[in-house]
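Asks: Got a structure here, written out as structure tokens. Questions coming.
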Amino acid sequence: MSDKLKTTGASSLFDHSLHPLSAWQSTRELGFAAALWRLPHQKDKHLIVNFGAELPRTRMTLDELPAGFAMSPFLNIEGDNSLFIEADLYFRFDEHGEVTLEQESAHLSAPNREKWYNHYRNRPANASSLVIASDSPRQPELPNLAYLEAVQKAVEAIEAGEFKKVVFSRVKQVELATDFTFSEVFERLCEKYPTAFVSMVYLPQLDQVWLGATPETLVSVDKEGIFRTVSLAGTQSAFDASGAPISVKKAAWTQKEIEEQALVGRYIISCFKKIRVREYLEEGPKTVVAGNLMHLRSDFSVDTKTINFPELGTVMLELLHPTSAVCGMPKMEALAFIQQYEGYDREFYSGYLGPVNVGNETHLFVNLRCMKIQNNVATLYAGGGITEDSEPEKEWQETEMKCQTMLSVLG
């Protein structure tokens, strides 16, 4: 399937005045699914629109799916519970404001296409994307004391040999300001986090918007068939007590943080061994900056063409998710602890998301540093890896630092 613009009727309908944020918001107002994103270290923005009545739950068979955008929840044990926003329309917006309709589905009906474009064109120039308040019940924030007690239980379980590591998380809820707009928050995320995958996804069947700036690649396969994944763990502030940036060369890591990151790397290598892939390249660990935080990261890559393994992306995705960086080790024991003590449904937090087969490339990221917006409330998520060396108060402080990624753009 070609990703190039089909000229039969498409170019005459869509002009070059489309703006990515207004087009995303117009889609949301009509009740259709939309995903807007910007890849790390890039300027172009991308928009996928789907006009289906309901998004399908499906398995992410990467080498077979059409172009689209994937959203997997954290709990996806069988691998068939991901939402897939197939690209009825796919636009690319470059940094100079030029817009290209890269793809239009052969199944897209003319009435839907015209309805969408007419709605966009007739929106007031200053139309806002304000969230409307609702009287729906809100999820209570996990109390500080309950979190500390749960972390202590995790440490005791690790010392008792029940598992080696568990990733425990919590939520922070913020009522949105009356002048909140999606477009401003997305632009702030792009500006503040140039090395992150920034995304804004509307899921109409759940009436949720997910916004995020994640630093962690889960599975990536480029045009040349190079597979990539990363081991990312360990967290500290990127600024010293006076507010000055800390040089990555001077970053000091504790034994707990080094071991936590090494566990993730060993898990990735064990997945390679499980499928008898020996021809992988490992680089790192090294200190990387992600907004206001620093992490330890190792990069893994495989040339799928050289080893004749085109399905590697799909196979590794099923093996990796959820990684030990968001769940723990061993996986099932850590997952059981999370479900017993965490006290809330993570939904898409610590799942994965990203474009699939867009421009003949797939880029899936772990859904971290994110928030869900629903009923005029932003739910922020943050977690940390618990090992036998963890101290509950420090783990709480780490989640507070991680929440700042989203809090800083809410104003």
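Asks: Can you name the residue in the range 356-402 that is more than 14 Å from W210 (Cβ to Cβ) and among the hydroxyl-bearing types (S, T, Y) and, of all such residues, is surrounded by the most Cβ atoms within 10 Å (Cβ to Cβ)?
Replies: T362
Asks: Scan T229, T178, T214 and give me the residue that is within 26 Å of Q404 (Cα to Cα) and without any contact (Cβ under 8 Å) to a residue 60 or more places away in the chain.
Replies: Answer to the check: T178.
Asks: Follow-up question, since we're still on this one. All but one of (1) surrounded by 24 or more Cβ atoms within 10 Å (Cβ to Cβ); (2) modelled with pLDDT under 90; (3) in a helix (DSSP H, G or I) hold for S324, so report the exception by its number.
Replies: (3)
Asks: Moving on. Inside the range 208-239, can you point out the residues that are modelled with pLDDT under 95, out of contact with any Asp or Glu (no Cβ under 9 Å at 6 or more places or on another chain) and either among the aromatic types (F, W, Y) or more than 24 Å from L320 (Cβ to Cβ) (or both)?
Replies: Within the range 208-239, S237, A238, F239 meet the criteria.
Asks: What do you reckon, is V230 of a type in the set (A, V, I, L, M, F, W, C) and more than 30 Å from N308 (Cβ to Cβ)?
Replies: no
Asks: Taking the residues in the range 157-179 that are in contact with a Gly (Cβ under 8 Å, 6 or more places away or on another chain) and either at pLDDT below 90 or under 14 Å from C370 (Cα atoms) (or both) as candidates, determine which candidate is surrounded by the most Cβ atoms within 10 Å (Cβ to Cβ).
Replies: Here the answer is R170.
Asks: Considering I269, I307, which residue is in contact (Cβ under 8 Å) with a residue 12 or more places away in the chain and assigned to a loop (DSSP other than H, G, I, E, B)?
Replies: Working: I269 fails: assigned to a loop (DSSP other than H, G, I, E, B).
After ruling out the rest, the residue left standing is I307.
Asks: Working only within the range 222-245, note down all residues that are in contact with a Leu (Cβ under 7 Å, 6 or more places away or on another chain), part of a strand (DSSP E or B) and not polar (S, T, N, Q).
Replies: Hits for the range 222-245 are F227, A233, G234.
Asks: So which of A378, A325 ends up being aliphatic (A, V, I, L, M) and closer than 18 Å to E398 by Cβ?
Replies: Of A378, A325, the one residue that is aliphatic (A, V, I, L, M) and closer than 18 Å to E398 by Cβ is A325.
Asks: Residues in the range 134-156: is at least one buried (at least 16 other Cβ atoms within 10 Å of the Cβ), farther than 17 Å from L407 by Cα and out of contact with any strand residue (DSSP E or B) (no Cβ under 8 Å at 6 or more places or on another chain)?
Replies: yes
Asks: Residues of the range 70-92 being more than 18 Å from P204 (Cβ to Cβ), surrounded by 22 or more Cβ atoms within 10 Å (Cβ to Cβ) and touching a helix residue (DSSP H, G or I) at 6+ places or on another chain (Cβ under 8 Å), which ones?
Replies: F91
Asks: Turning to a different aspect of this structure: Counting only residues that are touching a strand residue (DSSP E or B) at 6+ places or on another chain (Cβ under 7 Å) and part of a loop (DSSP other than H, G, I, E, B), which one in the range 26-51 is surrounded by the fewest Cβ atoms within 10 Å (Cβ to Cβ)?
Replies: So the first thing to find is which residues in the range 26-51 are touching a strand residue (DSSP E or B) at 6+ places or on another chain (Cβ under 7 Å), and the list is 27-28, 32-40, 44-50.
Filter once more, keeping what is part of a loop (DSSP other than H, G, I, E, B): 32, 39-40, 44.
On the way: F32: 22, L39: 19, P40: 17, D44: 15.
It comes out as D44.
Asks: Also: Just checking, does the range 346-357 include any residue being over 25 Å from F182 (Cα atoms) and over 16 Å from the mean Cα position of the chain (by Cα)?
Replies: Just the residues of the range 346-357 that are over 25 Å from F182 (Cα atoms), to begin with: 357.
Still in the running and over 16 Å from the mean Cα position of the chain (by Cα): 357.
Within the range 346-357, one or more residues are over 25 Å from F182 (Cα atoms) and over 16 Å from the mean Cα position of the chain (by Cα).
Asks: Within the range 263-284, work out how many residues are over 22 Å from the mean Cα position of the chain (by Cα), under 27 Å from C370 (Cα atoms) and crowded, with 16+ Cβ neighbours inside 10 Å.
Replies: Residues that pass the stated criteria total 1.
Asks: Now, a different point. Any residue in the range 286-297 that's free of Cβ contacts under 8 Å to residues at least 40 places away in the same chain: show its pairings with residues that are not aromatic (F, W, Y) at Cβ separation under 6 Å, as long as the two are six or more apart or on different chains.
Replies: Here the result reads T287/V248; T287/A251; T287/M294, each pair linking the range 286-297 to a residue that is not aromatic (F, W, Y).
Asks: Which of (1) at positive phi; (2) modelled with pLDDT of 90 or more does G97 not meet, given it meets every other one?
Replies: Only one criterion in (1) at positive phi; (2) modelled with pLDDT of 90 or more is unmet by G97, namely (2).
Asks: Within the range 370-377, is there a residue that is among the basic types (K, R), assigned to a loop (DSSP other than H, G, I, E, B) and in contact (Cβ under 8 Å) with a residue 60 or more places away in the chain?
Replies: Looking for residues that are among the basic types (K, R), assigned to a loop (DSSP other than H, G, I, E, B) and in contact (Cβ under 8 Å) with a residue 60 or more places away in the chain, one finds none in the range 370-377, hence no.
Asks: Here's another thing I want to ask about it. Is it true that some residue in the range 266-275 is touching an Asp or Glu at 6+ places or on another chain (Cβ under 6 Å) and over 12 Å from F300 (Cβ atoms)?
Replies: no
Asks: Among the basic types (K, R), over 20 Å from V366 (Cβ atoms) and surrounded by fewer than 19 Cβ atoms within 10 Å (Cβ to Cβ): is that true of K305 in this structure?
Replies: Values: among the basic types (K, R): yes; over 20 Å from V366 (Cβ atoms): yes; surrounded by fewer than 19 Cβ atoms within 10 Å (Cβ to Cβ): yes.
In short, yes.
The values are calculated or read from the model by the stated rules, or taken from the named source; none is laboratory data. Since the model is a prediction, treat every value here as computed from it, not as a measurement. FYI the Cβ positions are ideal-geometry reconstructions off the backbone, even for glycines, and counts take in every protein chain you see.
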